1. Pairs please, first residue from the range 127-156 and on the phi < 0 side of the Ramachandran plot, second anywhere and surrounded by fewer than 18 Cβ atoms within 10 Å (Cβ to Cβ) and among the hydroxyl-bearing types (Ser, Thr, Tyr), Cβ atoms under 6 Å, 6+ apart in sequence or on different chains.
2. Identify, please: which residue in the range 116-160 is polar (S, T, N, Q) and closer than 20 Å to Ser200 by Cβ and is, among those, surrounded by the most Cβ atoms within 10 Å (Cβ to Cβ)?
3. Go through Ile173, Ile157 for me and flag whichever is in contact with a Phe, Trp or Tyr (Cβ under 8 Å, 6 or more places away or on another chain) and not in a loop (DSSP other than H, G, I, E, B).
4. Assess whether Thr209 counts as being buried (at least 20 other Cβ atoms within 10 Å of the Cβ), of a type in the set (Val, Ile, Thr), under 20 Å from the mean Cα position of the chain (by Cα) and over 22 Å from Val128 (Cβ atoms).
5. Restricted to the range 119-154, and to residues that are in contact with a Ser or Thr (Cβ under 9 Å, 6 or more places away or on another chain), in a loop (DSSP other than H, G, I, E, B) and among the hydroxyl-bearing types (Ser, Thr, Tyr), which residue is farthest from Ile215 (Cα to Cα)?
6. Inside the range 190-206, can you point out the residues that are loosely packed, with under 13 Cβ neighbours inside 10 Å and in contact with an Asp or Glu (Cβ under 6 Å, 6 or more places away or on another chain)?
7. Determine if the range 104-114 includes at least one residue that is aliphatic (A, V, I, L, M), out of contact with any Gly (no Cβ under 7 Å at 6 or more places or on another chain), under 25 Å from Ser199 (Cα atoms) and at pLDDT 90 or above.
8. Could you give me the residue pairs with C-beta distances under 8 Å whose first residue belongs to the range 100-118 and is part of a strand (DSSP E or B), whose second residue is polar (S, T, N, Q) wherever it lies, and which are 6+ apart or on separate chains?
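The values are calculated or read from the model by the stated rules, or taken from the named source; none is laboratory data. All values derive from a computational prediction rather than experimental measurement. Cβ: placed from backbone, ideal geometry, glycine included. Neighbour counts: every protein chain shown.
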Amino acid sequence: MPPPRSRRQPKIISLLDHTINGHQRESLGEALKLNTVIRTLGNGMAEIDRGTWESRGRKEPKLLKIVMVALTVAVLFASSLSLLSNPSSEIPPAPVPARIAYASHVTINIGNNQFTNASGVVWGSGTVADPYIIEGWDISASSAHGIRIQNTNAYFIVRDCYVHDSGPSYYGISLHAVNGIVSNNTCWNNEYGIALDSSSDNNTLSNNTCSDNIIIGIFLD
């Protein structure tokens, strides 16, 4: 009879304890549950190893033990990462741009000769040298296109606006038959972020951020 082997926890326990402690836990409860599972599995491996010794009456091959331990470490390590990471499937909050003080405004719909303070114009006369300026607005587009400018020969600039949450029905910024500059705007969670159709010419789009829009960020027809 071979001398009885001392019962000790397999090295897998200390390895996995070290691995788990190296990752950020979301909660102490999840970590304790995982540690309990690991120690239970470790005890089970010790019993299997002892039973194999007694039934065979000889030492289990080292290569087989190494393979078993390596496979168990890999499986439990993957499980620990899954429990600790817990990725969220929720839609992220709207990314409000930094360093701009926005003022809330209703949706803007401008045709020819409709550039007024009520329609979001803060200054300008509509000429090349002095374009109308629409800027600094936070617009929820849930009921209409956020900013819609169409059928005008006036020159304008739309800049530093935050247009969001139209869902699948409306655009963030919609331009049709115009001549303007659209720059440094953020369009988030609209059907289209910015849409410029083929009837428009002499337009400039620059430094706009269009993210998480349903169909496309910037659409040029």
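1. Pairs that qualify, where the first residue is on the phi < 0 side of the Ramachandran plot and the partner is surrounded by fewer than 18 Cβ atoms within 10 Å (Cβ to Cβ) and among the hydroxyl-bearing types (Ser, Thr, Tyr), are Asp138/Tyr102; Asp138/Ser104.
2. Here the residue is Thr152.
3. Ile157
4. On the way: buried (at least 20 other Cβ atoms within 10 Å of the Cβ): no; of a type in the set (Val, Ile, Thr): yes; under 20 Å from the mean Cα position of the chain (by Cα): yes; over 22 Å from Val128 (Cβ atoms): yes.
So Thr209 fails the test.
5. So, considering only residues that are in contact with a Ser or Thr (Cβ under 9 Å, 6 or more places away or on another chain), in a loop (DSSP other than H, G, I, E, B) and among the hydroxyl-bearing types (Ser, Thr, Tyr), the one farthest from Ile215 (Cα to Cα) is Ser143.
6. Ser198
7. Pass one, the range 104-114, residues aliphatic (A, V, I, L, M): 106, 108, 110.
Going one step further and asking which of them are out of contact with any Gly (no Cβ under 7 Å at 6 or more places or on another chain), we end up with 106, 110.
Those left that are additionally under 25 Å from Ser199 (Cα atoms): 110.
Next, only the ones that are at pLDDT 90 or above stay: 110.
Yes: one or more hits.
8. The qualifying pairs are Ile108/Ser119; Asn109/Ser119; Ile110/Ser119; Ile110/Gln150; Ile110/Thr152.
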